[in-house]
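The values are calculated or read from the model by the stated rules, or taken from the named source; none is laboratory data. Source: prediction; values computed, not measured. All Cβ positions, even for glycine, are placed from backbone atoms using ideal geometry, and neighbour counts span all protein chains on display. These accessible areas exclude ligands, DNA and RNA; they are computed on the full protein's heavy atoms, side chains included. Shrake-Rupley method; radii C 1.70, N 1.55, O 1.52, S 1.80 Å.
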Amino acid sequence: MTEPETLDGRGALGSTDELARLLRESPALGATRAALLVDGGVHGTEIHRRVADALGRRPYETLTSNGAGDLDDVLALGGRLEGAGLILALGGGSLLDRAKLASLAASGPETARHLTVPQRSGLIVLTRVPRRSMPLIAVPTTIGTGSETSAVACLAYPDAKRLVMGAALRPEFSVLDPLATVTLPRHLLVEGVLETFFRLVSPYVGDPADLPEPDARVEATAVRLLRLGDEIAEATREGGPATDEQRARSARLSARSHAQHLHDGRDPYAVKGWLIANELSTALGLRKMTAVAALLPPLWQAIDEGEERLGSARRLRRLWAVIRTGLGRSLPDRPAVGVASLIDAWGIERRVVADPEVTGAIAHRIVRAWGAGLPMLGGLGHPDVSRLLRRTVAAAGRAPDHEVPASPARAGVSTHRTEGQLSAVT
């Protein structure tokens with residue numbers, strides 16, 4: 001049997017045929033009972049049928065899940081998974097996150113104790129948590145989160161969404177079958193490439209240290225990603241589909257963006273833009289990539305202007321120079337303007353509107369969850385976060401402060417408008 005490709009010690013399979021072969025030929029995966037967790041949006045589809053077929057004759061239970069889920073859902077699912085010898089999870093990033101957390105909760109009480117401790121921090125670190133007692137095989141049906149290979153998961157609480165981190169979260173295997181993403185609409189494909197790019201380069205830009213080998217890997221991967229994004233945007237511009245090969249490459253790069261060799265030696269908190277974008281998304285009820293696309297150009301503008309607490313202007317300019325050369329097409333030389341033009345060319349919406357008091361409350365929420373004595377925001381305080389959000393979120397009837405110029409191609413693109421008030425978390 002051919003061994004699966006490894007990503008940080010985990011097996012990456014390229015198809016459900018490879019999955020069936022792995023399950024058939026690996027005694028360690030010969031579970032007496034399996035659990036198949038399926039996102040309701042893909043239940044009954046061809047990829048669902050093929051994953052179920054890969055289980056062969058072994059007994060299994062299908063559990064269908066809808067929505068993002070919360071702490072109560074994760075703990076309840078953990079109870080249902082107790083006694084399973086193998087878990088397969090088929091769905092998007094939210095479902096995979098739920099499977100990762102629930103499988104650990106099913107393996108012992110330590111995970112539940114970590115998840116239920118009251119706290120204001122947006123980060124939960126799983127320490128001294130034993131590895132899951134059954135293998136988890138993740139089959140992603142979206143591109144961008146890379147949850148199938150990551151050691152993190154997002155979890156909703158009544159007052160906030162928190163990031164849970166721990167090596168034990170990482171699935172044992174992933175299946176990157178292009179059939180799983182065949183129905184993804186164009187906007188989710190290009191947004192998935194942008195999400196992977198943002199996650200890949202954020203530690204590079206956010207940490208001022210030069211690390212030649214990881215730097216070279218990130219630079220090369222960033223160019224490959226943006227070339228691929230251009231390919232997909234062009235192929236789908238008139239309503240045509242992306243190819244299986246393009247979707248397969250997107251899935252592989254998304255999964256690999258979590259690989260440790262890309263980020264060896266980096267400050268784990270050099271990703272402040274991620275924290276801010278996720279809070280903005282949650283607070284305004286935005287899709288995550290709308291928030292990321294709105295934040296990325298003003299974030300890079302602030303870094304380019306010398307805000308060292310957000311990142312290194314020198315390293316940002318170096319990365320952008322590599323990208324401009326590698327893409328082989330005309331892009332603005334200023335990183336913020338250049339990335340805005342790229343987002344616009346791909347047709348990703350990046351204009352968000354909210355009332356000023358709402359934006360102020362979000363800044364308070366961000367600082368409370370990630371700063372104010374916590375290490376994740378470093379030295380950034382409420383005035384700093386508020387300034388960045390004013391550059392990101394437009395008030396009614398006006399552009400954001402110091403708005404990054406838009407490409408003419410954006411004419412006629414819709415705007416996300418958020419009405420009403422948001423109470424600050426206290």
Margin query: Any residue at all in segment 105-117 that's touching a residue at least 60 places away in the same chain (Cβ under 8 Å) and in contact with a Leu (Cβ under 8 Å, 6 or more places away or on another chain)?
Written below: no
Notebook entry, point to check: Within segment 201-214, can you find the residues that are surrounded by fewer than 24 Cβ atoms within 10 Å (Cβ to Cβ) and in contact (Cβ under 8 Å) with a residue 60 or more places away in the chain?
Noted result: Ser202, Pro203, Asp207, Pro208, Asp210
Item checked: Considering residues of segment 21-37 that are open to solvent by 30 Å² or more (accessible area, probe 1.4 Å) and in contact with a helix residue (DSSP H, G or I) (Cβ under 9 Å, 6 or more places away or on another chain) only, the residue nearest to Ser103 (Cα to Cα) -> Gly30
Notebook entry, point to check: What helices (runs of 4 or more DSSP H) lie completely within segment 294-401 and have 2 or more residues being open to solvent by 10 Å² or more (accessible area, probe 1.4 Å) and charged (D, E, K, R)?
Noted result: 313-327, 356-370, 382-392
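Please go through segment 114-130 and pick out each residue that is more than 20 Å from the chain's Cα centre (by Cα), part of a loop (DSSP other than H, G, I, E, B) and surrounded by 14 or more Cβ atoms within 10 Å (Cβ to Cβ).
Matches in segment 114-130: Arg120, Val129.
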Item checked: Matching residues, segment 65-83, being in contact (Cβ under 8 Å) with a residue 60 or more places away in the chain and either open to solvent by less than 60 Å² (accessible area, probe 1.4 Å) or among the charged types (D, E, K, R) (or both) -> Gly69, Asp70, Leu71, Val74
Notebook entry, point to check: Could we say that Val193 is open to solvent by less than 10 Å² (accessible area, probe 1.4 Å), part of a helix (DSSP H, G or I) and closer than 25 Å to Arg287 by Cα here?
Noted result: yes
Notebook entry, point to check: Given the structure, is Ala216 part of a helix (DSSP H, G or I) and over 17 Å from the mean Cα position of the chain (by Cα)?
Noted result: yes
Note to self: I'd like to know if segment 38-51 contains one or more residues that are part of a loop (DSSP other than H, G, I, E, B), open to solvent by less than 40 Å² (accessible area, probe 1.4 Å) and not aromatic (Phe, Trp, Tyr).
What the structure shows: no
